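Taking it in order: structure first as structure tokens, then the write-up.
The values are calculated or read from the model by the stated rules, or taken from the named source; none is laboratory data. Just so it is clear, the structure is predicted and the values come from calculations on it, not from any experiment. Note that we place each Cβ from the backbone using ideal geometry, even for glycine, and neighbour counts take in every protein chain shown.
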Amino acid sequence: MDWGNVFSQAITQGIGIQAVIFALAAIGLNVQFGYTGLLNFGQSGFLAVAAYGLGVSIAMMGWSLWVGLLVGIAAAVVLALLLGAPTLRLRADYLAIVTIAAAEILRLVFRSVTFNPVFGGSDGINRFADDFYALNPFNAGVKIGPVDFSENDMWIVTIGWILVVVMSVLVFLMMRSPWGRVIKAIREDEDAVRSLGKSVYAYKLQALTIGGVMGCFGGFVAAIALQSVQPDYYGTDLTFFAYAVLILGGAARVLGPIVGSVVFWFGLVLIDSALSNAVSSGAITFIQSTQVGQIRYWILGISLMLLMIYRPQGILGDKKELSLDAR
Amino acid sequence: MGKASRAIADNPALASAPGIDVNRVVSIIWMAGAALAALAGVVYSLSNGISWQQGFQLLLLIFAGVTLGGLGTAVGAIVGSIIVGTMIQVSTLFIPSELKNVGALAVLIIILMIRPQGILGRRRGWAELWIGETSSVRPSHRASAFRRSSSPWPRSA
């Protein structure tokens with residue numbers, strides 16, 4: 001059992017690409033769910049339209065990286081408005097159903113053979129990130145202690161964490177402002193806010209859009225880091241992982257998504273490497289190496305259930321400010 | 001049991017006042033729902049085989065069927081499911097078969113926008129969906145209780 005290798009892999013992935021993607025997605029969810037109380041189960045749809053917006057603009061239309069980013073952001077805004085405009089007047093559950101259905105529609109459409117010329121079908125779009133990596137200032141990979149990144153990975157991880165920090169600062173400033181106070185009040189008691197003359201619908205729509213745009217940067221990082229946009233990556237699994245990250249770290253806390261994402265991916269990769277290592281070195285004999293992936297998700301699922309039962313506010317959360325009604 | 005469950009759906013705190021054991025009723029409802037779903041799974045597998053993903057693939061279509069028919073009525077669930085199921089298969093005449101689920105989900109979204117209580121949903125019970133709406137017929141305490149229990153966040157204090 002090579003524990004050194006296990007831990008170094010876990011730490012590298014804990015601050016690596018996946019952690020960044022989910023931190024960004026969770027920051028967006030934090031604005032929507034943590035601070036406003038909107039049940040957005042379609043966050044993967046926002047990441048998907050952003051990633052496909054970027055990929056299609058560069059690979060199909062031949063535009064530059066910056067135009068692709070703008071197209072992706074615009075697509076996320078349009079999606080938020082389309083989803084929010086009709087449903088934010090209804091009960092919370094209806095937004096949940098509509099968003100989960102919309103995300104699934106997007107995934108099926110992106111995956112379909114009919115739209116293969118534009119979206120690339122189930123293979124997705126590849127080879128569009130060259131512009132980005134041309135700007136890479138790192139000439140060699142980085143190996144500091146247990147952390148080991150190639151030069152391309154180091155570049156996107158650096159940019160990704162810069163984005164995470166910028167978004168977190170934005171969230172902190174927004175939630176301290178009068179706008180943020182109204183948003184938090186909407187979460188607690190909509191009628192009270194309405195009685196003060198604020199348009200709850202408008203605030204909710206703004207929160208949905210801002211959360212969607214923040215989340216869509218996760219889609220950009222995913223597209224560029226993985227150098228391909230594949231429809232099956234943006235399924236409901238991604239949304240539920242983003243929720244897990246958010247709740248683990250503590251919803252309605254600025255650092256919640258970051259802490260949650262790092263801990264989540266560190267734990268997941270730790271379990272994965274430890275189990276694979278144990279199986280391949282013969283320390284555990286009743287599991288085959290092909291089963292490690294599934295067992296990892298079992299453990300993840302059970303941990304999440306225990307988390308929801310015994311500590312629903314997560315690591316950093318405040319019990320008074322968040323208490324999910326587990327029924 | 002039925003009256004108790006409807007009381008709990010409306011306002012759990014108020015329902016426990018006359019002595020309804022909320023946890024017990026909720027457990028029984030969960031068990032009954034799970035039993036029905038298990039029966040559905042068995043029947044589905046008889047014709048489609050068993051796959052570890054079959055539940056998830058059906059999940060959104062189940063939502064679509066139930067919401068279309070109207071939440072809160074059993075006949076609504078049947079009607080909605082029949083419509084959704086028929087529509088999915090018939091739609092393959094017009095749209096490519098890989099997109100047949102897209103049609104059902106799109107109809108779900110459109111129905112939720114036009115008529116959120118579904119086809120057979122009770123107009124009276126679900127008028128509270130429109131949060132901004134007020135009505136002189138509905139007693140205001142019931143309206144506000146329903147709206148507050150609809151939020152996943154705790155009521156202050």
(request) Keeping to segment A:194-203, report how many residues are more than 11 Å from chain B (Cβ to nearest Cβ) and either within 30 Å of A:Ala75 (Cβ to Cβ) or among the acidic types (Asp, Glu) (or both). (result) 3
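Residue by residue, here is whether (1) out of contact with any strand residue (DSSP E or B) (no Cβ under 7 Å at 6 or more places or on another chain); (2) surrounded by 24 or more Cβ atoms within 10 Å (Cβ to Cβ); (3) part of a helix (DSSP H, G or I); (4) among the polar types (S, T, N, Q) holds:
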site	(1), (2), (3), (4)
A:Met1	yes, no, no, no
A:Gly4	yes, no, yes, no
A:Phe7	yes, no, yes, no
A:Ile21	yes, yes, yes, no
A:Ala25	yes, yes, yes, no
A:Gly53	yes, yes, yes, no
A:Ser57	yes, no, yes, yes
A:Val67	yes, no, yes, no
A:Ala80	yes, yes, yes, no
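Can you confirm whether segment A:154-169 contains a residue that is of a type outside the set (A, V, I, L, M, F, W, C), away from chain B (no Cβ under 14 Å) and without any contact (Cβ under 8 Å) to a residue 60 or more places away in the chain? Explain how you work it out, then say what you get.
Start the filter on segment A:154-169 by keeping residues that are of a type outside the set (A, V, I, L, M, F, W, C), which leaves A:158, A:160, A:168.
Pick out the ones that are also away from chain B (no Cβ under 14 Å) and you get A:158, A:160, A:168.
Next cut, without any contact (Cβ under 8 Å) to a residue 60 or more places away in the chain only: A:158.
Within segment A:154-169 (the criterion being of a type outside the set (A, V, I, L, M, F, W, C), away from chain B (no Cβ under 14 Å) and without any contact (Cβ under 8 Å) to a residue 60 or more places away in the chain), the answer is yes, since at least one residue qualifies.
Would you mention how many residues in segment A:99-153 are among the small types (Gly, Ala, Ser) and within 14 Å of chain B (Cβ to nearest Cβ)?
From segment A:99-153, those among the small types (Gly, Ala, Ser) are A:101-103, A:112, A:120-122, A:124, A:129, A:134, A:140-141, A:145, A:150; that's our starting set.
Narrowing further to those that are within 14 Å of chain B (Cβ to nearest Cβ): A:101-103, A:112, A:121-122.
The qualifying residues number 6.
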(message) Given the criterion surrounded by 10 or more Cβ atoms within 10 Å (Cβ to Cβ) and either in contact with a Lys or Arg (Cβ under 9 Å, 6 or more places away or on another chain) or in contact (Cβ under 8 Å) with a residue 40 or more places away in the chain (or both), identify the matching residue among B:Ile88, B:Ile29.
(response) B:Ile88
(request) Specify which of the listed residues (B:Ile50, B:Ile114, B:Ile62) is more than 12 Å from every other protein chain (Cβ to nearest Cβ) and of a type in the set (Val, Ile, Thr). (result) B:Ile50
(request) Give the residue, chosen from A:Ala85, A:Ala129, A:Ala80, A:Ala96, that is among the hydrophobic types (A, V, I, L, M, F, W, C), touching a Gly at 6+ places or on another chain (Cβ under 7 Å) and touching a residue at least 40 places away in the same chain (Cβ under 8 Å). (result) A:Ala80
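Within segment A:99-155, can you find the residues that are hydrophobic (A, V, I, L, M, F, W, C), more than 23 Å from the chain's Cα centre (by Cα), over 28 Å from B:Leu108 (Cα atoms) and in a helix (DSSP H, G or I)?
Kept after step one, since they are hydrophobic (A, V, I, L, M, F, W, C), are these residues of segment A:99-155: A:100-103, A:105-106, A:108-110, A:113, A:115, A:118-119, A:125, A:128-129, A:132, A:134-135, A:138, A:140, A:142, A:144, A:147, A:149, A:154-155.
From what is left, the residues that are more than 23 Å from the chain's Cα centre (by Cα) are A:113, A:115, A:118, A:134-135, A:138, A:140, A:142, A:144.
From the residues that got through so far, the ones that are over 28 Å from B:Leu108 (Cα atoms) too are A:134-135, A:138, A:140, A:142, A:144.
Once the filter is applied, which keeps residues that are hydrophobic (A, V, I, L, M, F, W, C), more than 23 Å from the chain's Cα centre (by Cα), over 28 Å from B:Leu108 (Cα atoms) and in a helix (DSSP H, G or I), segment A:99-155 yields only A:Ala134.
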(request) Please specify each residue of segment A:286-299 satisfying the condition of being of a type in the set (Ser, Thr, Tyr), out of contact with any helix residue (DSSP H, G or I) (no Cβ under 8 Å at 6 or more places or on another chain) and loosely packed, with under 13 Cβ neighbours inside 10 Å. (result) A:Thr290
(request) Looking at (1) more than 14 Å from chain B (Cβ to nearest Cβ); (2) out of contact with any Ser or Thr (no Cβ under 6 Å at 6 or more places or on another chain), find the lone condition where A:Arg89 falls short. (result) (1)
(request) Being at negative phi, under 12 Å from the mean Cα position of the chain (by Cα) and not hydrophobic (A, V, I, L, M, F, W, C) is the filter here, so list the residues in segment B:66-111 that pass it. (result) B:Thr67, B:Gly69, B:Thr73, B:Gly76, B:Gly80, B:Ser81
(message) Can you say whether B:Gly49 is farther than 23 Å from A:Asp93 by Cβ and of a type outside the set (A, V, I, L, M, F, W, C), as far as the supplied structure shows?
(response) yes
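Just checking, which of A:Tyr201, A:Tyr234 is among the aromatic types (Phe, Trp, Tyr), more than 30 Å from A:Ile295 (Cβ to Cβ) and touching a residue at least 12 places away in the same chain (Cβ under 8 Å)?
On the way: A:Tyr234 fails: more than 30 Å from A:Ile295 (Cβ to Cβ).
Exactly one residue qualifies, and that residue is A:Tyr201.
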(request) Sort out which residues of segment A:55-74 are touching a Leu at 6+ places or on another chain (Cβ under 9 Å), of a type in the set (A, V, I, L, M) and modelled with pLDDT of 90 or more, and write them in order of number. (result) A:Leu69, A:Val71
(request) Scan (1) under 17 Å from the mean Cα position of the chain (by Cα); (2) within 14 Å of chain B (Cβ to nearest Cβ) for the single condition A:Val77 breaks and write down its number. (result) (2)
(request) Report the residue count in segment B:65-74 for those that are under 16 Å from B:Ala37 (Cα atoms) and either in contact with a Cys (Cβ under 6 Å, 6 or more places away or on another chain) or among the aliphatic types (A, V, I, L, M) (or both). (result) 2
